[in-house]
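Asks: Dropping a structure here in structure tokens format, bear with me for questions.
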Amino acid sequence: MKNYVPYILMAISMIGCAPKEKALTIEMHRPQFHYTPKKNWINDPNGLVFYDGEYHLFYQYNPFGTTWGHMSWGHAVSKDLVSWQELPIALEEYSDPITGDSTMIFSGTALVDKNNTSGLCAGKDCMIAIYTSNIHKDNQGLKQHQSLAYSNDKGRSWKRYDKNPILDIDRKDFRDPKVFWYEPQQKWVMALVVPDLFKVQLYESKNLLSWSLLSEFGNVGDTLKIWECPDLYQLPIEGQTNKTKWVLSLSGSHPAGSDFVGMQYFVGDFDGTHFTSEQTEPLYVEHGKDFYAGIVFNNLPNRTIMIGWVNNWTYANQVPTSTWRGAFSIPRELSLTETESGLRLAQKPIDEIRKLRGEEIKDLKSLTSQSFELDIEIPEGGSVSVFKSENEETIVGYQNGKLFLDRTKSGNVSFNKDFASIESVDVLPKTDRISVRIFIDQSIIEVFSTDGRYAITDQVFPTQQKTSVELNGNAMLINGWLIIGLD
Ligand code: FRU
């Protein structure tokens, strides 16, 4: 209770300048416009899919506590990708019917079986989930294979397929299937990983039930950490009408080295059988510490949108939140952009996020909420301090040609020895000033720069309830808005 007192006081002081219900529901560090579960632990987003006017967000969820365990699929839906409604758990941990072993529902995919290729739909189409069935004893993994469940009521209730597993190569680690429809050959393709061999395997199927191996891709890029959560999708190249390339993204290594996890990607081609990469050196999705297990939506017309888990396995189980633990990023629209070094991923917060803009920010010194958006221009040597109070600040700046985020004095950093960090990335081509778009939400900062080519997402845990923003070294506020959370 002690921890809440300043926030309750803040909430009371805010009555009158913010909607009453909103002010009274602020819980310490609880993001207001990033998705968090009402209670308990979450990790990877799973089964992102658009179906019948609804966006579905399934996710790794522990129904029984605020640390990892009893993995099940939580579920939320949205009509606009910004306001989410939490629904009952979709798929729960269960006992294996043959061995009696406990089976957790690990990460996977959800899709719309449009033509009832599986024969499991009651009508013309239905939702299918393909997930890793993780058999374990006391949380120690014994075996992983892939299983299927189907829903004939828009994801509200699920039945496990009675002939599971649908794919088994007799391995302890073999997981995170992403399945998508490959239009040119009218078939389903599954990408999944053999984590400890740094290998992505691709399979094909006509009916989602029986699968055959197409090819393998691996042992390139960054292999410092095991590979997890692969995804394979086609992206437009900015400014080149009708030109696309394929991207294979996956989770594992972080550009800052093996103490942390992060995401890397490969740009190349997919011909229905093989993925071939144009590069061998690692490229990273993010330079912040808190963006992992990102995957893109299935069945989404015209756009490719990724959501990631805002956390890092290094300290995920210890972050100082109370009733819940974990959050999801702002959905990001992906594209490729031509650069002097080749094609690179560009990530932009979806346009819909503008719907949440409230009052315009004129005076950075007197913010009435800790959830806001800023467009700032930062010259070389300049910076912006956010969550600034007498002894704390988080700095976003541009120095020696690097965009950086310094959270070493951001507040509570003591819960894990590796948390207090400075993230940075070289901005290319060299320039004397950069524009940054920063989203700040109680304990999450997402920074986008250079038309989405660089992204830094970090958690911070300021101990003060009232903080301000300060510009240094000729940094300039271009625009700013308070953001109204919709939950
Ligand atoms: C990635 C991951 C996945 C796995 C899930 C288990 O964060 O380790 O590989 O399916 O989490 O919760």
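Asks: Classify the chain: rounded, prolate or oblate, from the alpha-carbon gyration tensor (a ≥ b ≥ c, eigenvalue square roots; a/c under 1.5 rounded; otherwise prolate if a/b is larger than b/c)?
Replies: Values: a/c = 1.76, a/b = 1.40, b/c = 1.26.
The shape class here is prolate.
Asks: Amide H neighbours of Val285 under 5 Å, at least 5 residues apart or on other chains, H built in the peptide plane: list them.
Replies: Amide H to amide H, under 5 Å and 5 or more residues apart or across chains, Val285 pairs with Met263, Gln264, Tyr265.
Asks: Taking neighbour counts of Cβ atoms within 10 Å as a proxy for exposure, in what order, fewest first, do Phe439, Phe404, Phe106 appear? The partial results should precede the final answer.
Replies: Working: Phe439 23, Phe404 18, Phe106 26.
Ascending number of Cβ neighbours within 10 Å: Phe404, Phe439, Phe106.
Asks: Classify the range 106-202 as rounded, prolate or oblate, taking a ≥ b ≥ c as the square roots of the eigenvalues of its Cα gyration tensor: rounded when a/c is under 1.5, otherwise prolate if a/b is larger than b/c and oblate if not. Show your work: numbers first, answer last.
Replies: Numbers: a/c = 2.61, a/b = 1.45, b/c = 1.80.
It is oblate, given that a/c is not under 1.5 and a/b is not larger than b/c.
Asks: Next question. For the chain, give me the percentage of DSSP beta bridges that are antiparallel, rounded to the nearest 5 percent. Present the calculation step by step, with values, prior to reporting the outcome.
Replies: Values: 146 of 151 bridges.
Rounded to the nearest five, the antiparallel share is 95 percent.
Asks: May I ask for the net charge around Lys355, where only other residues with Cβ less than 13 Å from the Cβ of Lys355 are counted and Lys, Arg are +1 while Asp, Glu are -1? Walk me through the numbers before you get to the answer.
Replies: Numbers: positive: Lys79, Arg354, Arg357; negative: Asp80, Asp351, Glu352, Glu373.
Residues close to Lys355 contribute a combined charge of -1.
Asks: Dipole of the range 295-360, Cα-centred, from +1 at each Lys and Arg C-beta and -1 at each Asp and Glu C-beta, to the nearest 20 debye?
Replies: Details: 8 positive and 7 negative charges, 44 e Å.
Here the size comes out at about 220 debye.
Asks: In terms of the Cα gyration tensor, with a ≥ b ≥ c the square roots of its eigenvalues, is the range 154-196 rounded because a/c is under 1.5, prolate because a/b exceeds b/c, or oblate? Don't skip to the answer; put the middle values down first.
Replies: On the way: a/c = 1.93, a/b = 1.10, b/c = 1.76.
Oblate shape, in that a/c is at least 1.5 and b/c is the bigger or equal ratio.
Asks: Residue by residue through the range 321-326, what is 3J(HN,Hα) from phi via Karplus (6.51 cos²θ - 1.76 cosθ + 1.60, θ = phi - 60°)? Round to whole Hz and write x for glycine and proline.
Replies: Using θ = phi - 60°, the values come out as 9, 9, 8, 9, 8, x Hz.
Asks: Cα axis of helix 5-14 to longest principal axis of the chain: angle in degrees, 0 to 90, nearest 10?
Replies: 70 degrees
Asks: First select every other residue whose beta carbon is under 14 angstrom from the beta carbon of Ser341; then total the charges, Lys and Arg +1, Asp and Glu -1.
Replies: On the way: positive: Arg344, Lys430, Arg453; negative: Glu278, Glu281, Glu338, Glu340, Asp426.
Around Ser341, the surrounding residues sum to -2.
Asks: Would you give the gap between the C-alpha center of the range 312-346 and the C-alpha center of the range 256-299, rounded to a whole Å?
Replies: What the calculation gives is 12 Å, centre to centre.
The numbers here are math on the coordinates, done by the rules we state, and not lab data. The structure displayed is predicted, hence computed values, not measured ones. FYI the Cβ positions are ideal-geometry reconstructions off the backbone, even for glycines, and counts take in every protein chain you see.
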